[in-house]
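Since the structure comes first, as structure tokens, the remarks are kept for the end.
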Amino acid sequence: MDNNKPEGYDFKEGEVLLFDKPYEWTSFDLVNKVRKKLCNYLGVKKIKVGHAGTLDPLATGLLIVCTGKATKTIDSYQAKEKEYVATLQLGSTTPSFDLETEIDQTYPTEHITRELVDKTLLDFIGELDQVPPAFSAVKVKGKRAYEFAREGKEPELKAKKLVIKEIEVLSFKPEELVLRIVCSKGTYIRGLARDIGKALDSGAHLTALKRTRIGQYINENAMNIETFEKKLK
């Protein structure tokens, strides 16, 4: 994988590209734009393009995009360890556990100290059972969970096993907590924010989320769609 030598790419045979997904774009938005630009560049009507590991629209950061025959390797990238930087607003919750929906409840935060945070986070290291957010793409009875949630219904979601390898406090304020999180595939950081809020005897939701690493691949080496277009030209 070398984002600095576009002239050496063979997109049909298969390439693995690192992109920095913009805020409010879905992962599919980015894939579709890459596919369209590649079709124009190669003069073809279609080419296989896929991504390894969905990022929510309100999240930013590293998205691995595979082209051509490399799309067969997507599962191997999805299985890799992930790293995120997450900003949690303490003292309030939303139905989606992030900014997609409005605040529905508020809670006291006066009792939350840095010492309490450090002690609480220790309980989140290791193997955990996590119930996915209602506003997620998990399938329930043939429908996506978020479809039920947006209809005002509560989808029946089962807890899933995951592993949190590291949680580091990057900054702490009375109502804001910034964390670096290293975790396994399938971890919902929004769900982690919900659970940390509850464990602090308060509430919490995400106000920002950035994926900084997938396995050995880091976001610092990723490009945006404008840079990709310039490389093609």
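The values are calculated or read from the model by the stated rules, or taken from the named source; none is laboratory data. For clarity, every value in this text was computed on a predicted model and none was experimentally measured. Note that each Cβ is placed from the backbone with ideal geometry, even for glycine, and that neighbours are counted across all protein chains shown.
What do you reckon, is K12 among the basic types (K, R), more than 19 Å from P132 (Cβ to Cβ), in the same structural domain as M223 (by TED's automatic domain parsing) and not in a loop (DSSP other than H, G, I, E, B)? Judged against the criteria, K12 is not a match. For T26, the conditions (1) closer than 28 Å to A134 by Cα; (2) of a type in the set (S, T, Y); (3) in contact with a strand residue (DSSP E or B) (Cβ under 6 Å, 6 or more places away or on another chain) all hold with the exception of (3). Residues being in the same structural domain as A204 (by TED's automatic domain parsing) and among the acidic types (D, E) are entirely absent from the stretch 18-34. Quick check: is even one residue across the stretch 203-220 out of contact with any helix residue (DSSP H, G or I) (no Cβ under 9 Å at 6 or more places or on another chain), under 24 Å from L30 (Cβ atoms) and surrounded by 18 or more Cβ atoms within 10 Å (Cβ to Cβ)? Yes, because at least one residue in the stretch 203-220 is out of contact with any helix residue (DSSP H, G or I) (no Cβ under 9 Å at 6 or more places or on another chain), under 24 Å from L30 (Cβ atoms) and surrounded by 18 or more Cβ atoms within 10 Å (Cβ to Cβ).
Considering only residues that are among the hydroxyl-bearing types (S, T, Y) and surrounded by fewer than 18 Cβ atoms within 10 Å (Cβ to Cβ), look in the stretch 97-114 and name the one that is nearest to the chain's Cα centre (by Cα). Here the answer is T101. Restricting to the stretch 212-233, name every residue that is under 14 Å from the mean Cα position of the chain (by Cα) and either aromatic (F, W, Y) or closer than 26 Å to I112 by Cβ (or both). Within the stretch 212-233, T212 is the sole residue that qualifies.
For T207, the criteria (1) free of Cβ contacts under 8 Å to residues at least 40 places away in the same chain; (2) within 22 Å of G53 (Cβ to Cβ) hold in every case but one, which is (1). Within the stretch 18-53, the only residue that satisfies the criterion of being surrounded by 18 or more Cβ atoms within 10 Å (Cβ to Cβ), over 15 Å from A222 (Cα atoms) and β-branched (V, I, T) is V49.
Looking across the stretch 175-188, the residues that are at pLDDT 95 or above and buried (at least 20 other Cβ atoms within 10 Å of the Cβ) come down to L177, L179, I181, C183. How many of the residues making up the stretch 68-103 are closer than 19 Å to D56 by Cβ, among the charged types (D, E, K, R) and without any contact (Cβ under 8 Å) to a residue 60 or more places away in the chain? Number of matching residues: 2. Of the residues making up the stretch 186-228, those that are outside the structural domain of D75 (by TED's automatic domain parsing), charged (D, E, K, R) and in a helix (DSSP H, G or I) are R190, R194, D195, K198.
So which of V163, V117 ends up being of a type in the set (V, I, T), under 20 Å from the mean Cα position of the chain (by Cα) and not assigned by TED's automatic domain parsing to the domain that holds K37?
Numbers: V117 fails: under 20 Å from the mean Cα position of the chain (by Cα).
Answer to the selection: V163.
Does K158 satisfy being modelled with pLDDT of 75 or more, assigned to a loop (DSSP other than H, G, I, E, B) and surrounded by fewer than 13 Cβ atoms within 10 Å (Cβ to Cβ)? Judged against the criteria, K158 is a match.
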